[in-house]
Amino acid sequence: MSTSLFNSVYFDRGCSWKGEVKSSKLGKRNCHRLYVGRSTALSPRSLKIRNSKQEKDVRVALLGASGYTGAEIIRLLANHPFFGITLMTADRNAGKSMESVFPHFITQKDLPILVSSNDASFSDVDAVFCCLPHGTTQEIIKALPKGIKIVDLSADFRLRDISEYQEWYGQPHRATDLQVEAVYGLTEIFREEIKNARLVANPGCYPTSIQLPLVPLLKAKLIEYKNIIIDSKSGVSGAGRGAKVANLYTELTEGIMSYGVTRHRHVPEIEQGLSDAARSKVTVSFTPHLMPMSRGMQSTIYVEMASGVTAEDLYQQLKVSYEDEEFVKLLEKGVVPRTHDVRGSNYCYMNVFPDRISGRAIIISVIDNLVKGASGQALQNLNIMMGFPENTGLRYLPLFP
């Protein structure tokens, strides 16, 4: 073998990643890597292929592993060259193997046995994905060792105003000191802040699909702050894995169900992000719907354009904002985004259409609610926090059909 081409290859002194130029240091491993633009011709002596069973550089704990977001993180980490799962908690399934909870993981023999939160030891953990329900995360994260990096997928650290948290989630916040420290993890918007964060509050699925198209337009003052109407639709996995009558097959199939009308808990998160972008209070009309599909999310957003602004101006602003982004794609003019086209991937597809009502435009944004809307964005954030290329472990093509 005189020459070889790999997406990821190990050298005696580093790692080469196609399409990335970056230097990264991990203090705990006293390790230095150089990421170069493209893999090169190698001789067998200079090449070391990483065995998936070898110890990974970053030891990851997964709290709440038996839910959909936890399972999705396991799927994404299965081919991650640097992150290895060393601890998984699931109180109701403690003592079980992951394959007994999710049979599709039968091939993942290296996964640790599930343990209860009370029995979890973090002595051999560098980073944590927290996939616990809202309200249960604060005290657990507060008790973690200070040196551990944390990405929290619940809503417990997303809202800066703790009084708003109490109003919308029905309980007082019990880790207010950590709330001040938390960085909101909408990756493409807050990448620089995420780099140095210890605790990242991963955004909700609806807020991700809504803020990605609207934040650049509000910052550029191309749309009005009033009369923003958002109609969002989600696959049923967005409601979680718990057994609920409303989520039964016969309750959902062959129909659409609106829920959380005027009071969905993502409203303050959406308005917080949009108000920050506009530097003025933004209030939206938001209605979510459950669709009879397992995963996928579409937000159809109706906006009033600023005086003299056209839909073409909105299109060009989004094009400039995201032209260098790997996971956010503005489609060709006239192409309607479809949830099928992002299924199983970390992509967000969007487009802009002129409304037949003068002065208004329609924006459509689609994501996979479990990937870009949850676990994929969480991995993107932890990659950044740990100094790795943010697309590591996320270069899955959408699954179609």
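The values are calculated or read from the model by the stated rules, or taken from the named source; none is laboratory data. Worth saying up front: this structure is predicted, and the values here are computed from it rather than measured. Note: ideal-geometry Cβ built from the backbone for every residue, glycine included; neighbour counts use all protein chains shown. Please note that ligands, DNA and RNA were not included when accessible areas were found on the heavy atoms of the full protein model with its side chains. Shrake-Rupley method; radii C 1.70, N 1.55, O 1.52, S 1.80 Å.
Would you confirm, using the coordinates I've provided, whether Phe102 is of a type in the set (Phe, Trp, Tyr) and either within 23 Å of the chain's Cα centre (by Cα) or on the phi > 0 side of the Ramachandran plot (or both)? Reasoning before the result, please.
Details: of a type in the set (Phe, Trp, Tyr): yes; either within 23 Å of the chain's Cα centre (by Cα) or on the phi > 0 side of the Ramachandran plot (or both): yes.
Considered against the rule, which asks whether it is of a type in the set (Phe, Trp, Tyr) and either within 23 Å of the chain's Cα centre (by Cα) or on the phi > 0 side of the Ramachandran plot (or both), Phe102 comes out as yes.
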Against the definition (on the phi > 0 side of the Ramachandran plot and either at pLDDT below 95 or outside the structural domain of Asn346 (by the TED database) (or both)), how does Gly95 come out, yes or no?
yes
Listed by first then second residue, the pairs whose first member lies in segment 320-343 and is without any contact (Cβ under 8 Å) to a residue 24 or more places away in the chain, whose partner is in a helix (DSSP H, G or I) and open to solvent by 70 Å² or more (accessible area, probe 1.4 Å), with beta carbons under 8 Å and at least 6 positions apart or on separate chains, are Leu330/Lys319
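Listed here are the residues, each with its yes/no results for (1) without any contact (Cβ under 8 Å) to a residue 60 or more places away in the chain; (2) farther than 18 Å from Val328 by Cα.
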{"site": "Asp177", "(1), (2)": "yes, yes"}
{"site": "Gly185", "(1), (2)": "no, no"}
{"site": "Pro213", "(1), (2)": "no, no"}
{"site": "Pro216", "(1), (2)": "no, no"}
{"site": "Ala246", "(1), (2)": "yes, yes"}
{"site": "Leu252", "(1), (2)": "yes, yes"}
{"site": "Ile256", "(1), (2)": "yes, yes"}
{"site": "Pro268", "(1), (2)": "no, yes"}
Condition (residue is touching a residue at least 40 places away in the same chain (Cβ under 8 Å), in a helix (DSSP H, G or I) and either touching a helix residue (DSSP H, G or I) at 6+ places or on another chain (Cβ under 9 Å) or open to solvent by 70 Å² or more (accessible area, probe 1.4 Å) (or both)) applied to segment 225-233: is it met by at least one residue?
no
Is at least one residue of segment 212-219 assigned by the TED database to the domain that holds Gly70 and touching a strand residue (DSSP E or B) at 6+ places or on another chain (Cβ under 7 Å)?
no
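Taking into account only those residues within segment 337-347 that are assigned to a helix (DSSP H, G or I) and not aliphatic (A, V, I, L, M), which is surrounded by the fewest Cβ atoms within 10 Å (Cβ to Cβ)? Please lay out each step first, then the result.
In the first step, residues of segment 337-347 are kept if they are assigned to a helix (DSSP H, G or I); the result is 339-342.
From the residues that got through so far, the ones that are not aliphatic (A, V, I, L, M) too are 339-341.
Values: Thr339: 21, His340: 13, Asp341: 19.
Looking at the filtered set, the residue picked out is His340.
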Being open to solvent by 90 Å² or more (accessible area, probe 1.4 Å) and either over 20 Å from Glu55 (Cβ atoms) or without any contact (Cβ under 8 Å) to a residue 12 or more places away in the chain (or both): is that true of Thr107 here?
yes
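Kindly evaluate Leu370 against the criterion of being open to solvent by 10 Å² or more (accessible area, probe 1.4 Å) and in contact (Cβ under 8 Å) with a residue 40 or more places away in the chain. I'd like the intermediate steps shown before the answer.
Values: open to solvent by 10 Å² or more (accessible area, probe 1.4 Å): yes; in contact (Cβ under 8 Å) with a residue 40 or more places away in the chain: yes.
Here the answer is yes, as Leu370 does meet what is asked.
Can you go through Asp126, Asp119 and tell me which one is surrounded by 16 or more Cβ atoms within 10 Å (Cβ to Cβ), of a type in the set (Asp, Glu) and more than 26 Å from Gly238 (Cβ to Cβ)? Write out each step before concluding.
On the way: Asp119 fails: surrounded by 16 or more Cβ atoms within 10 Å (Cβ to Cβ).
After ruling out the rest, the residue left standing is Asp126.
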If you take the residues in segment 67-99 that are open to solvent by less than 10 Å² (accessible area, probe 1.4 Å) and not in a helix (DSSP H, G or I), which one is nearest to Asp126 (Cα to Cα)?
Phe83
Flagged in segment 336-381 as closer than 15 Å to Ile229 by Cα and of a type in the set (A, V, I, L, M), in numbering order, are Val352, Ile357, Ala361, Ile362, Ile363, Ile364
Is at least one residue of segment 348-364 surrounded by fewer than 24 Cβ atoms within 10 Å (Cβ to Cβ), of a type in the set (S, T, N, Q) and touching a strand residue (DSSP E or B) at 6+ places or on another chain (Cβ under 9 Å)?
yes
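In segment 313-336, is there at least one residue being in contact with a Cys (Cβ under 8 Å, 6 or more places away or on another chain) and open to solvent by 50 Å² or more (accessible area, probe 1.4 Å)? Walk me through it before giving the result.
Pass one, segment 313-336, residues in contact with a Cys (Cβ under 8 Å, 6 or more places away or on another chain): 327-329.
Within this subset, residues satisfying the condition of being open to solvent by 50 Å² or more (accessible area, probe 1.4 Å) are 329.
Yes.
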